[in-house]
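Asks: Got a structure for you, questions after.
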């Protein structure tokens with residue numbers, strides 16, 4: 001069958017938040033879709049975007065560049 005999925009596929013990337021722009025993000029998403037099949041038939045079933053925040057100053061001084069917390 002032409003559209004049959006042969007096992008689930010997923011990809012995850014972490015993008016540097018500095019000097020990020022819409023064109024770059026579009027290009028990255030396009031490259032990932034191309035990995036799912038040919039450049040014309042890649043399909044996106046689920047897209048999750050997490051926006052990371054700047055770390056608290058006490059963590060930043062120790063080299064932390066992004067920070068995310070859940071439930072506390």
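Asks: Run the numbers for residue 11 and residue 69: contour at 0.36 nm per residue of separation, minus the present Cα-Cα distance, in nm.
Replies: On the way: separation 58, 0.36 × 58 = 20.88 nm, distance 2.24 nm.
Gain on extension, residue 11 to residue 69, equals 18.6 nm.
Asks: Let me ask something else. For a quick check: sort 67, 72 by the number of other beta carbons within 10 angstrom, fewest at the front. All intermediate terms of the calculation are to be shown ahead of the outcome.
Replies: Working: 67 12, 72 3.
The most exposed by this proxy come first: 72, 67.
Asks: If you take the beta carbon distance between residue 59 and residue 18 as r and set R0 to 30 Å, what does 1/(1 + (r/R0)^6) give as a FRET efficiency, to the nearest 0.05?
Replies: Working: r = 17 Å, r/R0 = 0.57.
Efficiency, rounded to the nearest 0.05: 0.95.
The numbers here are math on the coordinates, done by the rules we state, and not lab data. Only a predicted model underlies this, so the values are computations on that prediction, with no experimental measurement involved. We place every Cβ from the backbone using ideal geometry, glycine too, and count neighbours over all the protein chains shown.
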